[in-house]
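For reference, the structure discussed in these notes is given below.
Read the figures in this text as sums done on the coordinates, not as results from a lab. All values derive from a computational prediction rather than experimental measurement. Neighbour counts are summed over all protein chains in view; Cβ atoms, including those assigned to glycine, are modelled from backbone coordinates with ideal geometry.
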Amino acid sequence: MADLLSEQSTNARVEANDLRGGINITVDFNGICVSPVWRLGGFHIQFVALAVGQAIDVDLHNGPVYLKVVVGEVNRGPRKAFPTAGQVASTKLEEPRVLAERDALLCVITDTAEAVDEITDMAQLPFSGPLAERVTWQSFEEKFSSFTDVFNGLHAHMLPGIHVLDAAGAEITNLLLWTTGKGADASTHNHGQTPSPGSPAFAEIHLVLRNGTGTGGMYLCEAPDSTERETMPVQVGEEHGPFFYVDESSGAPLLKENGAVHYPWHGWQGGEDGIEGEAYDLVAAFEISPAYARI
């Protein structure tokens, strides 16, 4: 048994990711493998890999804990990686003991008293922890302006990825943390580009840490220029079901001919509340490798 957030229990390897930027965390599923803690404002973020039958005790005294099951199955809270398609589900952990019923990779996010309820300025979200110098905020415009002008002037920011690898060096998931301001449309997209080493295919799911207006959320539409959207607000501590198509025979993401995961057109839309001043959404996006993603 291991106590999560105990620095003495850290045994995952942490290195720089020179190809894609950000940080690599290498874990294995032999027993219990725990990463260091990273802090984002008042949020604590930690990964743990559990072999089947292994358990951890999570400290619930420092604030709400959101348990993201990335791979496998556990006995508490959100037991598997994906809620039902078209639905949202709470990730809040109510009981401290988490047992792996299959080999599992978990991300545990503690929403401490130091985390602000409303993010009005990006300065409220400093990032710290091992190799934190490689993980600094960048606007969507700065990051993507060489490819598109769709994000020019948009109040939206992203951190470089926290990549979790298996013992063989294959990526399990990439955690991207990003923000959107009021009314910010993070673009209609379908991840349909041909995968490459610098931009691999993934099955994504979003865990919301702050919903600035309470009305921000995911949407589906027929095409990028569609005027009608099917919207799904996602509140603090909630995650949504798959927005990608699934191979029903295997439970794996359905792939296109070019190897990309097959998605409909979708996106994230920041809400509006008519109140003066900014209020950012803060979202943890988990880009899970198709080799590990199972419904």
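Given the choices (1) 61, 39, 37; (2) 51, 45, 36; (3) 49, 40, 39, Cα extents along the principal axes in Å derived from the coordinates of this structure is entry (2).
Secondary-structure-derived ellipticity at 222 nm for the chain, considering helices only, amounts to -500 deg cm²/dmol, per-run term -39500 (n - 2.57) for DSSP H runs with n ≥ 4.
Here the extension length gained between Leu254 and Glu230 equals 6.5 nm, from 0.36 nm per residue of separation less the Cα-Cα distance. Listed from fewest to most Cβ neighbours within 10 Å, the set Phe29, Phe47 follows the order Phe29, Phe47. Normalising the average separation of contacting C-alpha pairs (under 8 angstrom, six or more residues apart) by the number of residues puts the relative contact order of the stretch 29-111 at 40 percent. Other residues with beta-carbon under 12 Å from the beta-carbon of Gly42 carry, at +1 per Lys or Arg and -1 per Asp or Glu, a net charge of -1. With both labels modelled 7 Å from their Cα along Cα-to-Cβ, the Ser146 to Asp117 distance reads 4.3 nm. Normalising by residue count, the stretch 158-295 has a Cα convex hull of 121 Å³ per residue. Using C-alpha pairs under 8 Å with a sequence gap of at least 6, the mean separation divided by the residue count of the chain gives a relative contact order of 20 percent. Coupling constants for the stretch 184-190 follow from the phi torsions by the Karplus curve (6.51 cos²θ - 1.76 cosθ + 1.60, θ = phi - 60°), and in residue order they are 6, 9, 7, 5, 8, 8, 9 Hz; glycine and proline get x.
Largest GNM mean-square fluctuation across Ala49, Ala115, Ala123, computed for the chain with C-alpha springs under 10 Å, falls on Ala123. Here Lys80 is the anchor, and the lysines within straight C-alpha reach of less than 19 Å, apart from those fewer than 8 places off in the same chain, are Lys68, Lys92. Ranked by how many other Cβ atoms sit within 10 Å of their own Cβ, fewest first, the residues Ile275, Ile32, Ile162 fall in the order Ile275, Ile32, Ile162. Computed over neighbours whose Cβ is under 14 Å from that of Asn152, the net charge equals -3, Lys and Arg +1, Asp and Glu -1.
This ranking places Glu73, Glu94, Glu239 by how few other beta-carbon atoms lie within 10 Å of each, fewest first, which gives Glu94, Glu73, Glu239.
Sum up the charges of everything whose Cβ sits under 14 Å from the Cβ of Gly251, counting Lys and Arg as +1 and Asp and Glu as -1, but leave Gly251 out. Charge balance in the 14 Å sphere: 0.
Between His266, His189, His44, the GNM of the chain built on Cα springs shorter than 10 angstrom shows His189 fluctuating the most.
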